[in-house]
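So the structure is just underneath, and the comments pick up after that.
The values are calculated or read from the model by the stated rules, or taken from the named source; none is laboratory data. For clarity, every value in this text was computed on a predicted model and none was experimentally measured. Cβ sites come from the backbone with ideal geometry, for glycine too, and all protein chains shown count toward neighbours. Just the protein is used for accessible areas: all its heavy atoms, side chains included, with ligands, DNA and RNA removed. Shrake-Rupley method; radii C 1.70, N 1.55, O 1.52, S 1.80 Å.
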Amino acid sequence: MTRVISAQDVTVTFPQGFRKPPFQALDGLSVHVNAGEIVGILGPNCSGKTTLLRVLAGLLRPARGEATVLDRQPSDRSLVSRVGYQPEGAMPFPTLSGVEFLHYMGDLMQLPTKTTRDSSRAWLDRLGLGDTGRKKIRDYSTGMRRRLALAASLLADPEVLLLDEPTSGLDPDGSLLVMDILRERAEAGTSVLLASHHLQEVEQTCQRIYLLSDGRVVSEGTLDDLLGTGDTHLVVRDLDAAGFDAVERVVRESGGKVVRRGEEREHLFALFRRVREGEAEDGQR
Amino acid sequence: MLSFRASARGLVVPLIGALLLCALCLQLVPFQTDTGVDRATGQWLHLPGLLLVAAVLGAALEGWPLFSRARPGFTWILRVENRPLHGCLAAALGSMAALAVALTLAGLSFATLLIVLDVDQGDARRRTSVQLRQQRPYLDNKQDTLVFLTGDADPVGSIRLRPDAFLSGRDFRVAKIEVRVDGEKLHEGWLDNAGDTVKFDLVPPRRVREIEVRRKPGPGLLLRVTSDRLEVESSEPRSAVINCILALLSYLIPASLALAVMIVGHAHLAMPVNFTAGLVACLLATLLELAPTNAAITTFARGRWLPGEGLAADGLPAVAGAVALTALTALGHWLGAVRRTGLQ
C-alpha cells in the first residue's frame, strides 16, 4: 500500500515563557496513512490531535522527527492544493459571503478561476449551502460555517484531507452528510486523516484509529484490532475451556467458521473511557 | 482588493464623523485664510486626517488575519498565503488606496462645505511662496538686496510682500524699498507700516523667474523677508477643491509609515499592540514633522497653492523610512528570522 502520510518520532515543543519548561505537545509520535484510507485520531483535549494536523499541514515544524505528506515536506508549496486542510475554530473574513470566501481561497491557492468557480458551486450545492452562498459568513450558523470550511478544504480536489473536528457543531444530518462525503472521497483514492471527539462517527467511518494521550500514541490499529472483527454472530458465555472447544467443534463441523475466540467486542466509547481511566490511575500513582 | 474593500467599509463611519467634526469646528473657530496673520487658524483640519488614518490602521488589522498575532482564522490563510510578508504588504497597499479615496472624499466634501458656507478663500488659493536665494533674510547695511526664485510656471498677476521690520538706532521710519522682477523695476517707495502686506500688480501678468527686493540706501529700519513673507499670486484661478484634497492627502505619508511599523510587528504583536504601535508612529511622524502634514494643512489654511510649495520633497524621509522598514522586514522574512507558526 502506498504510504501517503508519514510522521516518524515527531516531537513538538512550545516555549511557555521565562523560567517555565517548554510544553511538549507531541512526544515522539509516529503515525501513517495509506492511500484511500480514512484514519481517525482520537484523544482527550490537549492530547496533541490539532498539533499533529498542524505539523502535517506544514504550519508547525517539529523539534525532532520527520513528517512527510505525499513524499514531500509538509511545508512544500506544491502541497497547498494537493492537501486539503480544515482547521478548527473561527473562519477568517466574516464579511465575505460563502461564495466569495471560496473564490478567494481558490485565488490564494492559485487555482484556475474556472476550476474555483465550478468547484465552489458544486461543493456549496452538495453541502446544502447552495441557497446561502451569497449570505455573509458572519450570518452563518455554526453548522453552516463547518460545512463551508469543509467545502474550502475540498475546493482543489485534494489527494489528502486533514480535518480537525469536521462535524463539530453539525446536526446529525450534517454529520452523516460529511461522513458520506469522506467515504466517497476515500473510495476515489483520497486519504483522510481526521481528528474528532465524535466516537460513533469515527467508528463508522474510519478504517484505522490512533488514540492519543499527552502527545503520544497509546493505542492504534484497525477497528478489528482494537474492537474485534464484528463478524461474530454467535456469542457464547459462561463456559469453561472444554465447553468452548465443544461449541467450536460443532460450529466447524456444521460448516461455520470461528473467526475470533476471546472477549466480547467492546464499543469504541468504552475503549475511550478505559484509556482515560487508565490515565487517571497512572496519574494517581 | 480584499483589504481595500475591508478598509473602505471601515472608513465610512469615520469619514462621516470627520465631516461632522469639520462642520462643527467651522462654526466654532473661524477658518482663516488671511496671510496677514502669522498663524493660520485651520489647524483643526488635522482632525479628519488623523481620524481617518486611525480608522484605516484598525481596518487593515481587522481585515487581514495575518497583520497581527493570533487573529481568528489565521491558520486558514497562513497555509495558503504565498505573497511577500504573509500578504501584509498587499493588505497595506489596499488600505492605503482606501485611505486615499476617503481623504479625497473628505477634501472634496470639506471644500464644498467652505464654498457652501461662503468662507472666503478669495484669491488666496492662487498664492505660492517663493524660495530665497541667500542664507540671510535681512535687508540691512551688510546686504541691500534679497533675490527670490519662483518655481511656478503660471503667469504671475501680483506679488505680495510682508516684511518684518526691526528698530535700528535712532531711526523710526520704515525703509524705502525697490522691487524688481526679472531685472525690471516694478516698484520703488516707502513701506508705510512694517508687518503689513503690500501688493504689487503685474500688468499684464507674465511668467516670473526671479524677484529682487532691495532696501534703498539712506535712513530706514532693518528688514527681514523670509521665504514665506513673499508670495506670488497667479493670474489664473486655481481649484480650491484640489488644494483641499491635496492638503488632506498629505496624511497618506504618515499612514504609510504607520503601516510599515505594523508590518514590522505583524508576526509577533497582538492586534491592540500593533494598532497602538502604528498610531504612535503616525503621531510622531506628524508631530516631529517627519511628514509634511502640518506644513500642508498650514499652507492650505493660509490659502496657498500646495503644488507650488514643493512639500512633496519634505515627505521623502517618512516615505523612505516606510520603504526601508518594509524592506528590512521582508529581508528578515526571507532569511527566516521573521517566522510565523501555526500555534499562536
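Numbers below:
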read-out	value
Any strands (runs of 3 or more DSSP E) falling wholly within the stretch A:25-121 and containing at least 3 residues that are more than 10 Å from chain B (Cβ to nearest Cβ) and among the β-branched types (Val, Ile, Thr)	A:38-42
Helices (runs of 4 or more DSSP H) enclosed by the stretch B:228-344 - at least 1 residues per element that are within 14 Å of another protein chain (Cβ to nearest Cβ) and under 23 Å from B:LEU50 (Cβ atoms)	B:271-287
Checklist (1) modelled with pLDDT under 80; (2) within 14 Å of chain A (Cβ to nearest Cβ) applied to B:ALA90, failing item	(1)
Matching residues, the stretch A:160-177, being part of a loop (DSSP other than H, G, I, E, B) and within 15 Å of the chain's Cα centre (by Cα)	A:GLU165, A:PRO166, A:THR167, A:SER168
Some residue of the stretch B:110-132 being at pLDDT 80 or above and either farther than 30 Å from B:GLN43 by Cβ or of a type in the set (Ser, Thr, Tyr) (or both)	yes
Criterion violated by B:LEU51 - all others in (1) without any contact (Cβ under 8 Å) to a residue 12 or more places away in the chain; (2) open to solvent by 30 Å² or more (accessible area, probe 1.4 Å); (3) touching a helix residue (DSSP H, G or I) at 6+ places or on another chain (Cβ under 6 Å) satisfied	(1)
When residues of the stretch A:11-24 are limited to those that are within 14 Å of chain B (Cβ to nearest Cβ) and part of a strand (DSSP E or B), the one least open to solvent (accessible area, probe 1.4 Å)	A:VAL12
Qualifying positions in the stretch B:203-221 - at pLDDT below 80 and among the hydrophobic types (A, V, I, L, M, F, W, C)	B:VAL203, B:LEU221
The stretch A:215-241, subset modelled with pLDDT of 80 or more and small (Gly, Ala, Ser), residue farthest from A:VAL31 (Cα to Cα)	A:ALA241
Failed item in (1) hydrophobic (A, V, I, L, M, F, W, C); (2) within 20 Å of A:MET179 (Cα to Cα); (3) open to solvent by 10 Å² or more (accessible area, probe 1.4 Å); (4) in contact with a helix residue (DSSP H, G or I) (Cβ under 8 Å, 6 or more places away or on another chain), with A:MET109 passing the rest	(2)
Residue tally, condition farther than 17 Å from B:LEU114 by Cα and either open to solvent by less than 30 Å² (accessible area, probe 1.4 Å) or hydroxyl-bearing (Ser, Thr, Tyr) (or both), over the stretch B:279-307	9
Answer from A:ALA35, A:ALA67, A:ALA122 - the residue that is touching a residue at least 40 places away in the same chain (Cβ under 8 Å), among the small types (Gly, Ala, Ser) and surrounded by fewer than 22 Cβ atoms within 10 Å (Cβ to Cβ)	A:ALA35
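Residue-by-condition table, conditions (1) modelled with pLDDT under 90; (2) small (Gly, Ala, Ser); (3) surrounded by 20 or more Cβ atoms within 10 Å (Cβ to Cβ); (4) closer than 26 Å to B:GLY336 by Cβ:
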site	(1), (2), (3), (4)
B:CYS25	yes, no, no, no
B:VAL37	yes, no, no, no
B:GLY63	yes, yes, yes, no
B:ILE77	yes, no, no, yes
B:VAL101	no, no, no, no
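Matching residues to (1) basic (Lys, Arg); (2) within 14 Å of chain B (Cβ to nearest Cβ):
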site	(1), (2)
A:ASP125	no, no
A:VAL160	no, yes
A:LEU170	no, no
A:ARG183	yes, no
